[in-house]
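Each remark here refers to the structure printed beneath this line.
The values are calculated or read from the model by the stated rules, or taken from the named source; none is laboratory data. Please read all numbers here as calculations on a predicted model, not as lab measurements. Counting neighbours? That spans all protein chains shown, and the Cβs are built from the backbone with ideal geometry, glycine included.
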Amino acid sequence: MELNGWQHPLPVMMNLARRRCLIVGGGPIAERKLRSLLAAGAEVTLVSPAFTAGILEMEHQPNVNVKRQSYDESIWTAHGAVRFALVIAATNDSQVNRQIAQDANAHNLLVNIVDKPELSSFILPSVVRRGKLVITVSTGGASPSAARKIAKEIDKTYGDEYEIYLDFLSETRLFIQERVKDKKARQGLFKDMLAWDLMPLIREGKFEDWKEKFNLALHGEAWMQSQEQVEMELPSWSFINEIGQHV
Ligand SMILES: C[C@@]1(CC(=O)O)c2cc3[nH]c(cc4nc(cc5[nH]c(cc(n2)[C@H]1CCC(=O)O)[C@@](C)(CC(=O)O)[C@@H]5CCC(=O)O)C(CC(=O)O)=C4CCC(=O)O)c(CCC(=O)O)c3CC(=O)O
Ligand SMILES: NC(=O)C1=CN([C@@H]2O[C@H](COP(=O)(O)OP(=O)(O)OC[C@H]3O[C@@H](n4cnc5c(N)ncnc54)[C@H](O)[C@@H]3O)[C@@H](O)[C@H]2O)C=CC1
């Protein structure tokens, strides 16, 4: 199935924890894709007559299953059923890669063909990570090295402070989500939080002290302590917001 170019792909973030994925091929590109899948928690089966030293070093990890054979159709049914969440064809034989694309499509599986974006149902972007913050760059296959270059520029701009910032937002958001029932009220609070200029505090190493003060105020408030979820008005939020605004 030839896809209609990469005019308007759907960007997604996938939770691959304990999902079985298949990589066909054992060269440096297969190794790069393997590392990405393992970092996402996937269980990966690799099929290839030969493997890089890097792959062989990982062979005995519990999430890695190495099969020393050329690709053939038995891969799909080896365990009685099609069992892969994602498939990556990373051989250096474009005919074999094309065949894998056809077979994966026949099984209705998502497939990435490393030498043929137009036959792929997904491609991998270049990635910048700061803890929970993930920034991805894709050119839809137009220029993977441009994607990488742009990601490197972003990498320089977004420092480690974003990881701390996101952890704080995540913690506080969860705390509020558990206690404030009214959706509109919650969203108002999240909007207020985003306006707080915390980044300079983090950069100057003053954030931990500020956070302690903030958390004392947040956790100490009567409305936060009540067992009842708050419906709408949060009179003491303005006090919390004051602390946030005057960092
Ligand atoms: C379509 C896609 C399919 C896919 O693999 O998912 C694809 C396809 C191809 N890549 C090729 C070449 C190179 N790819 C890279 C690097 C990366 N390639 C990645 C993704 C993608 N590559 C997908 C599109 C992503 C997008 O555009 O958004 C990255 C971002 C992510 C990753 O691989 O995980 C990773 C950077 C990781 C990082 O950030 O560090 C480099 C540079 C390098 O290795 O340093 C080169 C050499 C320079 C050059 O050619 O530009 C070739 C030609 C092969 C040949 O000529 O033989 C093809 C096939 C074709 O173009 O037809
Ligand atoms: N998507 C990307 O980011 C990039 C893609 N490429 C493309 O990826 C392809 C693979 O790149 P490398 O890993 O550097 O190639 P490589 O030549 O080092 O490795 C190819 C691997 O495929 C295996 N293989 C060959 N025939 C097979 C078969 N029938 N069944 C199973 N395994 C088989 C080989 O044993 C080998 O392990 C290149 O041919 C190139 O077209 C190249 C650079 C970047």
### Sole residue being away from ligand 2 (no atom under 14 Å from the Cβ), under 30 Å from Glu163 (Cβ atoms) and without any contact (Cβ under 8 Å) to a residue 12 or more places away in the chain, chosen from Ala39, Ala85
Ala39
### Condition check for Ser48: in contact (Cβ under 8 Å) with a residue 24 or more places away in the chain, within 24 Å of Ile135 (Cα to Cα) and within 14 Å of ligand 2 (Cβ to nearest atom)
no
## Note on the structure
For region 125-156 the number of residues that are in a loop (DSSP other than H, G, I, E, B) and surrounded by fewer than 17 Cβ atoms within 10 Å (Cβ to Cβ) is 6
### Query
Just checking, which of Arg98, Arg35, Arg68, Arg18 is charged (D, E, K, R) and in contact with a Lys or Arg (Cβ under 8 Å, 6 or more places away or on another chain)?
Arg98
### Query
Is it fair to say Arg18 is free of Cβ contacts under 8 Å to residues at least 40 places away in the same chain and within 14 Å of ligand 2 (Cβ to nearest atom)?
no
## Note on the structure
Those residues of region 208-235 that are at pLDDT below 75, within 12 Å of Arg179 (Cβ to Cβ) and not hydrophobic (A, V, I, L, M, F, W, C) come to a total of 7
### Query
Given the conditions (1) more than 30 Å from Lys132 (Cβ to Cβ); (2) part of a loop (DSSP other than H, G, I, E, B); (3) within 16 Å of ligand 1 (Cβ to nearest atom), which single one is not true for His8?
(1)
### Query
Which number in (1) within 16 Å of ligand 1 (Cβ to nearest atom); (2) of a type outside the set (D, E, K, R); (3) within 20 Å of Leu119 (Cα to Cα); (4) in contact with a strand residue (DSSP E or B) (Cβ under 7 Å, 6 or more places away or on another chain) marks the one condition that Leu46 misses?
(3)
### Query
Taking the condition farther than 30 Å from Trp6 by Cα and either away from ligand 2 (no atom under 13 Å from the Cβ) or outside any helix (DSSP H, G or I) (or both), does Phe122 pass?
no
### Query
Counting only residues that are in a loop (DSSP other than H, G, I, E, B) and either among the small types (Gly, Ala, Ser) or under 24 Å from the mean Cα position of the chain (by Cα) (or both), which one in region 157-205 is nearest to Val128 (Cα to Cα)?
Tyr158
### Query
Any chance region 71-85 includes a residue that's small (Gly, Ala, Ser), exposed (fewer than 14 other Cβ atoms within 10 Å of the Cβ) and touching a Gly at 6+ places or on another chain (Cβ under 7 Å)?
no
